Structures are given as C-alpha cells and as structure tokens.
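To start, the structure itself, in structure tokens.
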Amino acid sequence: MSRASIIGAGVLLAACAVLVAGCGGGSSSGSESTDASTTSTVATTGTANARLTQEQWTSAEASRTAFRQALAKAQATSTKCLHGAKSAEDFQNIPKTQACVGDVFTQLQQAAGNALTLLNGFTGTVSGPCADALTQLINGVGVYQASAAEMQRTIDSPTLAGYPAASQDLETAFSSGQASFATFEKECKPA
C-alpha cells in the first residue's frame, strides 16, 4: 500500500468526521411519531412540505450520534493501525494488521444500517421537498453502509490488496452523502 493510499484513507476518515459533525448530535432519544401535521408547511404555490416532527428529528439526532461514535472509533483505529505504512511490505504481517483493525468497519456498517432503518421509518410521514431529500439521504446512507462493509471485507482478506479501492469507495460515498444530508436538514428539520 502506498503512503498516498494511507494518507487518502486518513483524509477520508477526517472528511467523514466533518460530515458527522455537521449532522447535529443530541444525545437524547425520542420515540418516532407519525404526527407530521404539526410541522407541515404549505408554500404559496400550494405544494405541501410536511417535515419531520420534533420527536422524529430528536431520534434522527440520536442515530447520528451513534454513527459519529462508530466513525470516530474507525478513524482512530485506522490511524493507529495503518498510519505508519509506507509500502506493501509494511503490510506483510497481515494477521497483525487485521488484529489491530478488528471489526471496526463492521461496527461502522452497523451504525449506518441503524441510521438507514430509522430513516426508512420516516418514509410516508413526510411529503414534498422533505420526502425527496429523505429519499436521497436513504440512498446515500445505503451506499455508505455498503462501502463500510466492503472496507471490512478488504481488511479481512488474505492480502489487503483491495484496500486502496475500498478506501476510495468509502470516500466517494461520504462525499455524496454530505450534500444529501445538507438538503435533508434544510427540507426536513422541524421549523
């Protein structure tokens, strides 16, 4: 693995931390509510945009907090286990590298999956631009979840040869997710 790949992975994880930091982060959790009528807004054109309820938003924030924790752990583990690698020879002791990384990307995948389940639960409770933004975010989180799984499969592989590609896929999924979240927050956060 080249030093550029290691640096790229570090940049990816730092970028993920920035995304998650922008996601808000209440530590309280609330139960989901389907009473979107209290947060509906009707534009002058007559197009309704039913946003999330405050309870839904609070549960979304709690989910993002759990995701941020898993991401921070993945970032710290990657820095610790992969930081000093300068070449493929540095990965000759693959069992040692695998033991160091462990299942941190599986945990990240699970946190993304939990967020995905929560977001899917909001489907049908929102409408208009919020519903469109929710669909985009659901798609983005799904891609991120798959990319985290790919990263774990790569770490668990006998050669780690796919690490640069898996790292790039995770970075690409993160980049597309940033814009999706910004739109989701703008269109769906309770007014």
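Would the stretch 70-79 turn up any residue that is at pLDDT 90 or above and assigned to a helix (DSSP H, G or I)? Steps first, please.
Quick first cut of the stretch 70-79, residues at pLDDT 90 or above only: 70, 73.
So of that shortlist, the ones also assigned to a helix (DSSP H, G or I) come out as 70, 73.
Yes, there is a match, as at least one residue in the stretch 70-79 is at pLDDT 90 or above and assigned to a helix (DSSP H, G or I).
Of the residues in the stretch 154-173, how many are assigned to a loop (DSSP other than H, G, I, E, B) and crowded, with 17+ Cβ neighbours inside 10 Å? Please lay out each step first, then the result.
From the stretch 154-173, those assigned to a loop (DSSP other than H, G, I, E, B) are 157-162; that's our starting set.
Imposing the further condition that a residue be crowded, with 17+ Cβ neighbours inside 10 Å reduces the set to 160.
Going through the stretch 154-173 one residue at a time, the tally reaches 1.
Under 6 Å by Cβ, and 6 or more places apart or on different chains, what pairs join a residue from the stretch 171-189 that is within 13 Å of L119 (Cβ to Cβ) with one that is at pLDDT 85 or above and not in a helix (DSSP H, G or I)?
C188/R51; C188/L52
For the stretch 106-130, give me the residue count where each residue is part of a helix (DSSP H, G or I) and either of a type in the set (V, I, T) or free of Cβ contacts under 8 Å to residues at least 12 places away in the same chain (or both). If you could, list the steps in order and put the result at the bottom.
Pass one, the stretch 106-130, residues part of a helix (DSSP H, G or I): 106-122, 128-130.
Now restrict to residues that are either of a type in the set (V, I, T) or free of Cβ contacts under 8 Å to residues at least 12 places away in the same chain (or both): 106, 117.
Residues flagged as part of a helix (DSSP H, G or I) and either of a type in the set (V, I, T) or free of Cβ contacts under 8 Å to residues at least 12 places away in the same chain (or both) within the stretch 106-130 amount to 2.
Name the pairs: first residue in the stretch 131-159 and closer than 17 Å to L119 by Cβ, second residue buried (at least 19 other Cβ atoms within 10 Å of the Cβ) and among the aromatic types (F, W, Y), Cβ to Cβ under 6 Å, at least 6 apart or on different chains?
A133/F184; L134/F122; L137/F184; A148/F105
Looking only at the stretch 150-191, which residues are more than 12 Å from the chain's Cα centre (by Cα), among the hydrophobic types (A, V, I, L, M, F, W, C) and under 22 Å from K73 (Cβ atoms)?
Result: M151, I155, L160, A166.
The values are calculated or read from the model by the stated rules, or taken from the named source; none is laboratory data. None of the values given here were measured: they were computed from a predicted structure. Heads up, the Cβs are rebuilt from the backbone with ideal geometry, glycines too, and the neighbour counts pull from every protein chain shown.
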